[in-house]
Every structure is written in structure tokens, then in C-alpha cells.
Ligand code: NAP
């Protein structure tokens, strides 16, 4: 029987691990299929306090991982696919094995959303991606496009100007949702060409199955055209990773877990942290804060159990 299992190794999960490990709870982190969470696929993080020059997202995550490990956190890449709350313990199915724990912190984050177009799955890795940091450098001196109008799309577009000959930013409205500082940088960059009021309706691969172009539709005029691009970077937001908890923990209509008092679920011993329950702020620092709260609540709960 574990004392505390933490599901997810993004900013929220790793902060929870640092706190739980320092409280001698010997936490086990189940990292799942996207270890490091969203920060590990981002570029420079300029708004995490304590780093006046900014810090690369993957480095920030590595630092947190090391910090959690230094205090005795254990890690496994197992993915949680099922969950059963019992009277005074919880069972989670990690890959094919059920593990029992007294407390559980769900910090499984959110995963990139896709457009749900034809051939999408086949084209991932062949000119279709949701991660500019991972794949941007493969597209030197060729035109690429980014889809979306939020901070992710802004950040990815700016990053891609280091490599691509041209970055088309395709957005379904005529105004960016991104923060003003990011939007201003995008609009001031000569290499980025925004294409407003436009959606991608089709990916067009070449005869080798690599992305060659996209079909665009202007949502105001319904005009259609083809835009040659070597890679499409999809940055249209994220969906919470809550499949294992559906029907067992409270969720909102979009699947986000509902946390009470910052970190509590409706089930005693199950705590919640980070983007899996945050449809508003979704920042590294708020995820870290809720990871801290979840670990402190778990510690309080475990102390009461053993009293
Ligand atoms: P987001 O803010 O939800 O933006 C998603 C964008 O994609 C929106 O512009 C949306 O259009 C568009 N979109 C959604 N579904 C679409 C679809 N099916 N087809 C076409 N377009 C679609 O997501 P995000 O950019 O990933 O950011 C998430 C959070 O992380 C935000 O709170 C953001 O501030 C934060 N973040 C911060 C930083 C930073 O501070 N450097 C970097 C990255 C992310 P509409 O505008 O029309 O809704």
C-alpha cells in the first residue's frame, strides 16, 4: 500500500512531489505518456517567478524533477487508465497493474487538441505536429503555418521564425486571444503573416505522405484556397486528461475535474492539482501552487488517518 501516488509529472505533479517527499510521504509519481507535461514542450518561460532572464520550459521541468528526486520521490512511466475509490484507500490501474494507495493526487494535466480532419493521425510526424520546440528545427527555410490565436500559437509562431522562411498564423477570428505582450511581438514580426478569419479544412500531403499544403476557408466569405506549407503546427488549446476519472470524480461539461477549496475532490483522500481542473488560468505558477496545496491537504489527510 502506497502512502501517496501522484498522477502526472508536469509542474503541478512535480510540485506536489517536492512537498510530499519533504513531508516524508515517499511519493510515487506515475508520469504517464507525456512526462513533464506541457512545459516540456514549450520554449522560454518568462513569467515563472525567480528567473529574471526567463528559463526554458524543459529545463524548468528537469530542475523540478531533480528537486523531487533529491527528497526521495520515486518515478514510473506507467499510465493511469482506471481508478476506484474505496472506503479508506484508493486503487489505480497503472498500465496493467492495480496499485493501492492511501492518498491520490490527480495532476494529469491536459493534452493538445487536434482539428479532427481527415488523415490527421497518419500525418502526425510527417509535417503535422503540436510541438514547435520538438519539431521546428526540422523545417529550415521552408514555409510553415501555425493554427490558433492564443498564447501557445503566438509563442510557437515566434519560435518558428528562427527556422522557417515564413510563418503563416491562421486564426479563425480577426483578433488574437494571446496576451498583449505576445500578440504585439507576433504582429511586429515581419516573418509572421497572420491569416485572419480563416480555418484549415484539409491537410494536403504529397505522394510520399509528407505535408505539402493546407486547404483554407475564409469563414466570412467562404472563399477557399490552397496554401503551400511544409509543416502545420496545431496550437488550438488543450483538453483535460480525465478519462480514467469520468463518472467517478466530479467533472464539468468539458471534462475538467471540479476541485473544492483549491485541491479537494468529492472523495476523501483524492486531491486535484493543475490544468486537469483549471480552465481559467492554466499557468505554470498556478499549477505549481495547486500542486503544493494538494500535497499539503494529502499530508493533513494522512495524518488524520493514522491518528
Ligand atoms: P487558448 O488560449 O485556449 O487558445 C486556443 C486558440 O485556438 C484560440 O485562439 C481559439 O480560437 C483557437 N481554437 C480553438 N479551437 C479551435 C478550432 N477547432 N479550430 C481553430 N481554432 C481553434 O490555448 P493556448 O494558447 O494553448 O493557451 C492556454 C493557456 O496557457 C492560456 O491561459 C495561455 O495564456 C497559457 N499560455 C501562456 C503562455 C505564456 O505565458 N508564455 C504560453 C502558452 C500558453 P478563439 O480565440 O476563437 O477561441
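Every read-out reported here was derived from the displayed coordinates using simple, explicitly stated rules and does not represent laboratory data. Because the structure is predicted, anything quoted here is derived from the model rather than measured. When we count neighbours, we look across all protein chains shown, and the Cβ atoms used for this are built from the backbone with ideal geometry, even at glycine.
Brief remarks follow.
- Cβ crowding within 10 Å, taken as a proxy for footprinting-reagent exposure, orders 14, 216 from fewest neighbours to most as 216, 14.
- With bins 10 Å wide beginning at 0, the percent of Cα pairs of the chain falling in each bin runs 6, 26, 29, 21, 13, 4, 0.
- Stretching residue 279 away from residue 204 to a fully extended chain increases their span by 23.7 nm, per 0.36 nm per residue minus the current alpha-carbon distance.
- Take the Cβ atoms of residue 62 and residue 162, set R0 to 22 Å, and the FRET efficiency comes out at 0.50.
- Shape call, the stretch 170-246: gyration tensor on alpha carbons, a/c limit 1.5: oblate
- Extension reserve of the residue 181-residue 222 stretch, reckoned as 0.36 nm per residue once the Cα distance is removed: 11.6 nm
- Overall form of the stretch 73-120 per C-alpha gyration tensor (a/c, 1.5; a/b vs b/c): prolate
- Radius of gyration, Dmax [the stretch 114-234; alpha carbons; angstrom]: 13.2, 41
- Between residue 254 and residue 118, the distance separating the two model label sites (each 7 Å from Cα on the Cα→Cβ line) works out to 3.0 nm.
- Here the stretch 26-126 was treated as a single set of alpha-carbon atoms; its pair distances binned every 5 Å from 0 give 2, 10, 15, 17, 16, 16, 11, 8, 4, 0 percent.
- Cβ crowding within 10 Å averaged over residues, with 190-202, 77-89 ranked highest first: 190-202, 77-89
- For 223, 297, the sequence from fewest to most other C-beta atoms within 10 Å is 223, 297.
- Relative to the dominant Cα principal axis of the chain, helix 11-22 is inclined by about 20°.
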